[in-house]
Amino acid sequence: MRVFVTGASGFIGSALVPELIDAGHEVLGLARSEASADALTAAGAVVHHGSLDDLDSLRKGAAASDGVIHLAFNHDFSDYVGAARTDLRAIETLGDALTGTGRPLVITAGTLGLPAGRVATENDVPASGPSAAPRNAGTLAALALAARGVRSSVLRLPPSVHGDGDHGFVPTLIEIARDKGVSGYIGDGSNCWPAVHRLDAAHLFRLALEQAPAGSVLHAVAEEGVAVRAIAEVIGRRLNRPTASIPQDQAGEHFGWLAGFLGADVRASSELTRKSLGWRPTRPGLIDDLDRDQYFRRSAA
């Protein structure tokens, strides 16, 4: 299968490309820079120049392929709504190119924004409307493509996708602990984040491409919930900083943009995904993976 992959040179994409090639697929990777193009060439992928804002490049890439995996997203939290709109336009464009073909389109979403305070499942339908999470519109648009002859599926990632090259929430917490002199959490820190290793996530993206039924929702969740306090304790021990609760009214000042996510309790299950596709995550969990020199060397700059 010739697979068009957006975000192919990114954190998960750089694990997905060899996953696909090793399984016998050809990868057409979207590249918006020469550095990305060079990385894709070195990984054995064919380069397709373009970007999420260049809808014509997305349309041509999808039309030239037997399936699409859409990983790219502009993680600019200063304009998250705008990034979500760009993502929606990209999904709509990819879907238009695949309409009536029966070819697979796997898009990326997140477990953040699902109902809090309980274990979310693949059956949880994202809310719609002005008050809904910004990326929900893209999820709903992708699922609607199933009625238009696209084998569309939505793969939800947890807030912590960890492994070598991680530059997400956990490395941000490490840098905040360095800067503030304390490894913090909000409240009693018992709230939980689900997690998955990037290599296990990459494997699930391939399984979704190959097997997921049209209109399906999948969860790339290896651990239903890891307590935020446990994450902070590893960071504190590794940095030789105290671990402490940050009062809610001081969380914004202490954690910045991360404060709104850090206090969330967003546990999620992948039981239905495992039964449907036979996915079995095998890589280290978040705490074991975090408790390595690699995380702290990378964050030392």
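Derivation of every value follows stated rules applied to the coordinates shown; laboratory data play no part. Fair warning: this is a prediction, and the values are worked out from it, not measured in the lab. Because the Cβ atoms are built from the backbone with ideal geometry, glycine has one as well, and the counts that use them run over all protein chains shown.
Some values worked out for this structure:
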| read-out | value |
| --- | --- |
| Highest to lowest packing among 50-58, 186-194, 245-253, scored as the average C-beta count within 10 Å | 186-194, 50-58, 245-253 |
| Tilt relative to the chain, helix 169-180 - C-alpha long axis, 0 to 90 degrees, to 10 | 30 |
| For the chain, built as a Gaussian network whose Cα springs stay under 10 Å, the top-fluctuating residue of 144, 208, 62 | 144 |
| Amide H contacts of residue 219 (H built 1.01 Å from N, under 5 Å, at least 5 apart or other chain) | 156, 273 |
| Long-range amide H partners of residue 187 with built H, under 5 Å | 246, 248 |
| Potential lengthening between residue 261 and residue 275 on full extension [0.36 nm per residue; Cα-Cα distance subtracted] | 2.1 nm |
| Overall form of the range 183-300 per C-alpha gyration tensor (a/c, 1.5; a/b vs b/c) | prolate |
| Whole-Å distance, taken between Cα centres, linking the range 115-193 and the range 246-301 | 10 |
| From phi via Karplus (6.51, -1.76, 1.60), per-residue ³J(HN,Hα) for the range 41-46 in Hz, x at Gly/Pro | 4, 4, 7, x, 8, 8 |
| Placed amide H near residue 49: partners under 5 Å, 5+ positions off or other chain | 31 |
| Those trypsin sites (Lys or Arg not before Pro) in the range 81-138 that DSSP places in a loop and that have at most 14 other beta carbons within 10 Å | 118 |
| Extreme residue, positive dipole direction of the chain, given options 207, 62, 74 (C-beta unit charges) | 207 |
| Phi-based couplings in Hz for the range 234-240 (Karplus 6.51, -1.76, 1.60; Gly and Pro marked x) | 5, 4, x, 5, 5, 9, 6 |
| Under the Karplus curve 6.51 cos²θ - 1.76 cosθ + 1.60, θ = phi - 60°, whole-Hz ³J(HN,Hα) for the range 61-71, x wherever Gly or Pro sits | x, 5, 5, 8, 10, 8, x, 10, 10, 9, 9 |
| For the chain, built as a Gaussian network whose Cα springs stay under 10 Å, the top-fluctuating residue of 108, 282, 273 | 282 |
| Farthest toward positive dipole pole in the chain [+1 Lys/Arg, -1 Asp/Glu at C-beta], among 163, 145, 261 | 145 |
| Space enclosed by the convex hull of the alpha-carbon atoms of the chain, per residue, Å³ | 125 |
| Whole-number percent relative contact order across the range 1-104, with pairs defined as alpha carbons under 8 Å at least 6 apart | 29 |
| Bridge type composition, the chain - antiparallel percent by DSSP, nearest 5 | 10 |
